[in-house]
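For reference, the structure is listed below as structure tokens.
The values are calculated or read from the model by the stated rules, or taken from the named source; none is laboratory data. As the structure is a prediction and not an experimental result, all values here were calculated from the model. All Cβ positions, even for glycine, are placed from backbone atoms using ideal geometry, and neighbour counts span all protein chains on display. We work out accessible area using only protein heavy atoms, side chains counted, and drop any ligands, DNA or RNA first. Shrake-Rupley method; radii C 1.70, N 1.55, O 1.52, S 1.80 Å.
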Amino acid sequence: QVRLVESGGGLVQAGGSLRLSCAASGSIFSINAMGWYRQAPGKQRELVATIGSDGSTNYADSVKGRFTISRDNAKNTVYLQMNSLKPEDTGVYYCYADVAFRSWGQGTQVTVSS
């Protein structure tokens, strides 16, 4: 069983920055892809960014150039550096990790005020 614990969410003004972290623990031999989704109130969960075990990355168009995803394989941790935040980035951010199957974190709230 894999457990994911997120941290780093909070309240920030538009134009500010936040860094999210997500640490995986448990029965892990190796982790394939890791990434982040978000869900705004009244909207469906959407992909934000992914990173493969080889470091390859993929971003939603809405965050390209502002967000950076990275991972530390030794720590089984994925990060999301979020810069130039906008009110529309507000939502609950969920990390995931693909081990034998996909595991999810509990979510962390990000609120961007205008």
**Q.** Charge context of residue 21, other residues only, Cβ under 13 angstrom, K/R +1, D/E -1
**A.** +1
(Q) Over the chain, with a Gaussian network built from C-alpha contacts below 10 Å, which listed residue (103, 27, 84) shows the highest mean-square fluctuation? (A) 27
Q: Return the carbon/sulfur percentage of the accessible area of segment 1-69, one whole number, probe 1.4 Å, all protein chains in place.
A: 46
Q | Top of 33, 74, 24 by mean-square fluctuation, Gaussian network on the chain, Cα under 10 Å | A | 74
Q: Report the calculated FRET efficiency for residue 28 and residue 58 (r = Cβ-Cβ distance, R0 = 22 Å), to the nearest 0.05.
A: 0.50
Q) Given R₀ = 22 Å, FRET efficiency for residue 114-residue 74 by Cβ-Cβ distance, to 0.05? A) 0.05
**Q.** Fully extended contour minus Cα-Cα distance, from residue 13 to residue 47, at 0.36 nm per residue
**A.** 10.0 nm
Q.
Counting only Cα atoms, I'd like the Rg/Rh figure for the chain, Kirkwood definition for Rh.
A. 0.96
Q) What percent antiparallel are the DSSP beta bridges of segment 1-112, to the nearest 5? A) 95
(Q) Per residue, how much accessible surface does the chain expose to a 1.4 Å probe? Answer in Å², no decimals. (A) 53
Q.
Taking loop as defined by DSSP and a crowding limit of 16 other beta carbons within 10 Å, which trypsin sites (Lys or Arg not before Pro) in segment 16-59 fit?
A. 43, 45
